[in-house]
Amino acid sequence: MESMWNESKAMKVGLIAAVLLIVVRILLELIGAPVSVASIFGVVWLYFIMPAVFAVAIKNAGHDRAFGRLMKDVVLFAAYTRIMVAITYIAAHYLNWTAARFSAAQGGTVGQEIQTLQQLLFIAGRNAAIWIVMAAILGAIVGSISLLVKGKRMKAIA
């Protein structure tokens, strides 16, 4: 019997949630919502949630190398979501969005000092790389705890 949450379905649901969060946050920023409100709709929250979801799916599938599978899923999820966010930073540059997180002064891509495509891609790529590493570390911690808890529950049931 197939589990309700397999890895593929978990990844798809997580990526759809990321797209929705990104769109809502951009819309909020464009209409001038306070930073504290717009920040609630950040992809970062998914880096706490999705490793646990992946861990449950992996344990339910009975994979032998659960931690390796977890790390693969966490890194892929982080890479996919950070590419989406990088695209928003590039769009912000070309569309001159005024949200604070996009300003060059805060490490973003909007400002007169950001003029060449090379600078633009460097900033978006640098931000993506930093967040992928941070998401992988966070995912390893949250996912490992989830794997342990799910493993103990499965043993207790057996």
Filtered pair list for the chain (Lys only, Cα < 23 Å, 8 or more apart or interchain) has a length of 12
For Cα extents along the principal axes in Å, the choices are [x] 56, 32, 30; [y] 62, 29, 23; [z] 68, 29, 26; which was calculated from the structure?
[y]
Add +1 for every Lys or Arg and -1 for every Asp or Glu among the other residues with Cβ under 11 Å from the Cβ of His63, and state the total.
+1
Quick one: angle between helix 7-30 and the longest Cα principal axis of the chain, in degrees between 0 and 90, rounded to 10, please.
30 degrees
Length-normalised contact order of the chain, Cα under 8 Å, at least 6 apart, in percent, tallies to 28 percent
Using only Cα atoms, find the angle between the long axis of helix 46-61 and the longest principal axis of the chain, and express it within 0 to 90 degrees, rounded to the nearest 10.
30 degrees
Under a point spin-label approximation (7 Å from Cα along Cα-to-Cβ), what is the Ala100-Leu76 distance to one decimal in nm?
3.7 nm
Which of Arg65, Arg25, Arg101 comes first, and how do the rest follow, when ranked by fewest Cβ neighbours within 10 Å?
Arg65, Arg101, Arg25
Listed residue (Gly125, Asn60, Leu27) projecting farthest to the positive dipole end of the range 7-157, Cβ model
Asn60
Can you give the angle from 0 to 90° between the axis of helix 66-95 and the longest principal axis of the chain, with both taken from C-alpha atoms, to the nearest 10?
20 degrees
If Tyr47, Tyr80 are placed from fewest to most neighbouring beta carbons inside 10 Å, the sequence is Tyr80, Tyr47
In debye, nearest 20, what is the charge dipole magnitude of the chain about its Cα centre with +1 on Lys and Arg Cβ and -1 on Asp and Glu Cβ, if you could check?
600 debye
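Read-outs: derived from the displayed coordinates by stated rules, not from any lab. What you see is a predicted model, and the numbers here were worked out from it, not measured in a lab. Using ideal geometry, Cβ is built from the backbone for each residue, glycine included, and neighbour counts are taken over all protein chains shown.
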